[in-house]
Amino acid sequence: MMQIPPGIRVLRGSVEEDKDKAAGEMSTALQHLEEALVKCSQGKQYFGGDNIGYLDIALGSFLGWIRAVEKIAGVELLDEAKVPNLAAWADRFCAHTAVVDVVPDADRLVEFTVQHAALLRAVNAPK
């Protein structure tokens, strides 16, 4: 999961690094999370079972940005062919009544990124 925040910054263009490499690293991280979901959930809806738990919330907090960078960078990270259980989990998580009103809308995050691109690059520039 450690590759996700840096990958998001690279793919949204706020850090100047290799976008293909970042997408690959994020894809690998999501494949590991796919395996963890299958193992931890034991066939149930969420990482901890039938209800949203700590790990679901921790990973779910990145879903808005993951979906936004998919649009910005033209990559498919939550690819149903590569991570089918994780993609289905993401849809379930975002639709759950406990989080449906708080998960950031990907289109609004894309708009934010476009409007603040120069500022984001300045903030994330190496010092």
*Check Gly60, Gly64, Gly49 and return the single one that is out of contact with any strand residue (DSSP E or B) (no Cβ under 9 Å at 6 or more places or on another chain), at positive phi and not aliphatic (A, V, I, L, M).*
Gly49
_Considering residues of segment 98-107 that are touching a residue at least 24 places away in the same chain (Cβ under 8 Å) and of a type in the set (A, V, I, L, M, F, W, C) only, the residue most open to solvent (accessible area, probe 1.4 Å)_ = Ala98
*Failed item in (1) open to solvent by 20 Å² or more (accessible area, probe 1.4 Å); (2) within 12 Å of the chain's Cα centre (by Cα), with Cys40 passing the rest*: (2)
_Subset tally (residues that are open to solvent by less than 70 Å² (accessible area, probe 1.4 Å) and either of a type in the set (Lys, Arg) or in contact (Cβ under 8 Å) with a residue 24 or more places away in the chain (or both)) for segment 17-30_ = 6
*List, please: which pairs have Cβ atoms under 9 Å, are six or more places apart or on different chains, and start with a residue in segment 84-97 that is small (Gly, Ala, Ser) and end with one that is open to solvent by less than 60 Å² (accessible area, probe 1.4 Å) and assigned to a helix (DSSP H, G or I)?*
Ala87/Glu34; Ala90/Leu59; Ala90/Gly60; Ala90/Leu63; Ala90/Ile66
*Number of positions in segment 78-97 that are open to solvent by 20 Å² or more (accessible area, probe 1.4 Å) and in contact with a Gly (Cβ under 8 Å, 6 or more places away or on another chain)*: 1
*From the set of residues in segment 7-16 that are assigned to a loop (DSSP other than H, G, I, E, B) and either modelled with pLDDT of 85 or more or of a type in the set (Val, Ile, Thr) (or both), which is least open to solvent (accessible area, probe 1.4 Å)?*
Val15
*Every residue from segment 78-100 that is part of a loop (DSSP other than H, G, I, E, B), under 18 Å from Ile4 (Cβ atoms) and either within 14 Å of the chain's Cα centre (by Cα) or of a type in the set (S, T, N, Q) (or both)*: Leu78, Asp79, Val83
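Here is a yes/no grid of residues against (1) β-branched (Val, Ile, Thr); (2) at pLDDT 95 or above:
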residue: Leu78; (1), (2): no, yes
residue: Pro84; (1), (2): no, yes
residue: Val103; (1), (2): yes, no
residue: Asp107; (1), (2): no, yes
residue: Phe112; (1), (2): no, no
residue: Ala118; (1), (2): no, no
*Taking the stated definitions as given, is Lys21 farther than 25 Å from Val110 by Cβ, of a type in the set (D, E, K, R) and in a helix (DSSP H, G or I)?*
no
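Mind checking which residues of segment 50-77 are part of a helix (DSSP H, G or I) and either open to solvent by less than 30 Å² (accessible area, probe 1.4 Å) or more than 12 Å from Ile8 (Cα to Cα) (or both)?
Scanning segment 50-77 gives Tyr54, Leu55, Asp56, Ile57, Ala58, Leu59, Gly60, Leu63, Gly64, Ile66, Ala68, Val69.
The values are calculated or read from the model by the stated rules, or taken from the named source; none is laboratory data. Not measured: the values here are computed from a predicted model. When we count neighbours, we look across all protein chains shown, and the Cβ atoms used for this are built from the backbone with ideal geometry, even at glycine. Side chains included, ligands, DNA and RNA excluded: accessible areas come from the protein's heavy atoms. Shrake-Rupley method; radii C 1.70, N 1.55, O 1.52, S 1.80 Å.
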